[in-house]
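Below you'll find the structure, written out as structure tokens, and then a few comments.
Every number here is computed from the coordinates shown, using simple stated rules; none is lab data. All of these numbers come straight from a predicted model, not from anything done at the bench. Positions of Cβ are backbone-derived with ideal geometry, glycine not excepted, and every protein chain shown enters the neighbour counts.
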Amino acid sequence: MSTLSLLGIIGIFLYTRLHLSKNGNSIRFKSLNANISELKKAESLFRSLIENNYDAIILSDINGFPIYQNPSVGKMLGWTSEERKMQNSAEIIHPDEIELVKTKMKEALENPGNAIYSAYRIRHKKGHYIYVEGSITNMLNDGNINALVSNFRDVTKHRENEEQIEFDRNNLSSLINNTNDLMWSVDKDLKLITSNNAFDKTMAQQSGNAIVKGGDILAEGFSKEQSNRFKIFYERALSGEAFTEIEYVDFPEEFWSEISFYPVRKDESVVGTACFSRNVTELKKSVKETLDMVEILQNKNKDLHQFSNIVSHNLRSPIAKIQGLASLFKTDPHQQIKGKSILECVEDEVNNLDNVVKDMYAIISVRDQVEKQKAYICFQTELQFIKQVLENQIIESKANITADFEKTEGIVSIKSYIYSIMLNLLSNAIKYRQPDIPLSIHISCTEDDKNIYLTVQDNGSGIDLQKNKDKIFGLYKRFHGNNIEGRGIGLNLVKAQAESLGGRIEVESAVNQGTTFKVCLPKNNI
């Protein structure tokens, strides 16, 4: 029921009551007497409509004291009509909203007949406040009503629901926009639907331009390869697939992200995809560190196994010989063996024992000295030093050594390790040459975004990798008989040093066709 209709009903009701009270026993107006029955029916109807109205209706004087209130007021506020008679309306208005109500009252007084709408809180008889909204209309100048008419309804549940919705919205916004995880959604045309602050900031940093809502998610600023890759991801999600991918970038620094794509459905159709990206860099680094540690432990375990063999064989042999020579010395101190005195033979075995111990120390020291201070190393300069050290062998073998360091002139690393790697590979190339073919050795360096590759290639006697691939870098492993001087430690040392620098060594070889060693060294191992 509208306010004006309600006022009309109240007016008719009051007018009828007033008219009948003044002329109830008069038969001055025959027409009224003829219609008295109809008016009584109307009065009863109007009273029923007002008193059974769901909305609260209050008629107040100019000072705000109630003249009349319908039963809905009592149901809504708990106050009876008698309790309300001496109670000014301002007394039950929430203190925070008294000024608002005063302003609305003033506006109503200044605009007779106009409904002035407002929303505020009213105190219930039990002490709590309820939200109401409605209107106040100045009918003071209407002789039939002569009151301020308030018509309002309880909107507490609606208001609480709105506040809860607003709270949930703000809470959700806070959760979404105060996380470092990226969240965004894309429609079927690959247009951005919505995104959180982290996504907006990251996209602006990566592409140089913020992606606005409704903008192309694959806007300019991304590489062609990156755009194509993400286009495939979006197409997979829009086809109905939910999946997760790991993305890696190394510029300006290493960064891993775990990106999940979920189809957004409306009825049975996919209308978009919701995307979530989480920074897993630290997790990846932690896993890498764990794997590196496992690899180190595995290498340590291999070393221990090798050292066990050394102790059981290489150390045991010279010790057993020394013990045997000691027994001979007790029997005949002057006895000679192959033209040498017993003491000279003992000295030879002691030297062999010393060499074994030194070899063990060399391998252990590589594992323990990874944190040595690093410096810039020029490959050409190191090669010149090595040529001077190997001068006699180079002259004897007539080796032709060439080098190409134009693409990569040097590296930041442990100088002694790089020197040792180059020395051992060049020395081996000279040592295991083919006697009837002029020796040619070529050493070079190349690089890519992550690694530097040091390559030593020769045309020597080569190695049968089908038989020896798993043994080639083992300790005390030899593949060319005992007629060539050597203890089988050089390649093991090269491998240990390369791995300690975070790299690796690869080999290609065939019997009588030469050998190529490629040492991979990471650039970021600085």
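Model label points for S416 and T244, set 7 angstrom from Cα along the Cα-to-Cβ axis, are 4.6 nm apart.
One compactness figure for region 179-279 is 1.02, namely its Cα radius of gyration divided by 2.2 N^0.38 Å. Close amide H pairs (under 5 Å, H built 1.01 Å from N) link S440 with N400, N459, residues at least 5 positions away or on another chain. Think of region 179-279 as a dipole: +1 on every Lys or Arg Cβ, -1 on every Asp or Glu Cβ, centred on the Cα centre; then among S257, V271, Q226, V271 lies furthest on the positive end.
Multiplying the sequence separation of Q335 and H442 by 0.36 nm and subtracting their Cα-Cα distance, what value in nm do you get? Walk me through the numbers before you get to the answer.
Numbers: separation 107, 0.36 × 107 = 38.52 nm, distance 5.19 nm.
Difference between extended and current length: 33.3 nm.
With θ taken as phi - 60° and the Karplus curve 6.51 cos²θ - 1.76 cosθ + 1.60 applied, the whole-hertz 3J(HN,Hα) list for region 276-293 is 9, 10, 10, 6, 10, 4, 4, 5, 4, 4, 5, 5, 4, 4, 5, 5, 4, 5 Hz, x standing for glycine and proline. Put a dot 7 Å past the Cα of T103, heading toward its Cβ, do the same for K300, and the two dots end up 7.6 nm apart. Once backbone amide H atoms are built at 1.01 Å from N, I193 has S185, V186, D187, G214 as its partners under 5 Å, excluding neighbours fewer than 5 places away on the same chain.
How big is the dipole moment of region 179-279 about its Cα centre under a simple scheme where the beta carbon of each Lys and Arg is +1, that of each Asp and Glu is -1, and everything else is neutral? Debye, nearest 20, please.
320
Take the Cα of N180, step 7 Å toward its Cβ, do the same at T381, and the gap between the two points is 4.0 nm. When the listed pairs K104/K125; K450/K518; K358/K518; K188/K213 are checked against a 22 Å cut-off, the alpha-carbon distance exceeds it for K104/K125; K358/K518. What the Cβ-Cβ distance of T516 and L283 gives, at R0 = 22 Å and to the nearest 0.05, is a FRET efficiency of 0.05. If R0 is taken as 51 Å, the Cβ-Cβ distance between E506 and E166 corresponds to a FRET efficiency of 0.20. Given a Förster radius of 56 Å and the C-beta distance between T290 and N111 as r, what FRET efficiency does 1/(1 + (r/R0)^6) yield to the nearest 0.05? For T290 and N111, the calculated efficiency is 0.10. Rounded to the nearest whole Hz, the Karplus-based 3J(HN,Hα) values (6.51 cos²θ - 1.76 cosθ + 1.60, θ = phi - 60°) of region 98-114 follow the sequence 4, 4, 4, 5, 4, 5, 5, 4, 4, 5, 5, 5, 7, 9, x, x, 9, with x at glycine and proline. Counted residue by residue at 0.36 nm each, then reduced by the alpha carbon distance between them, the extension gain from S427 to K398 reaches 9.1 nm.
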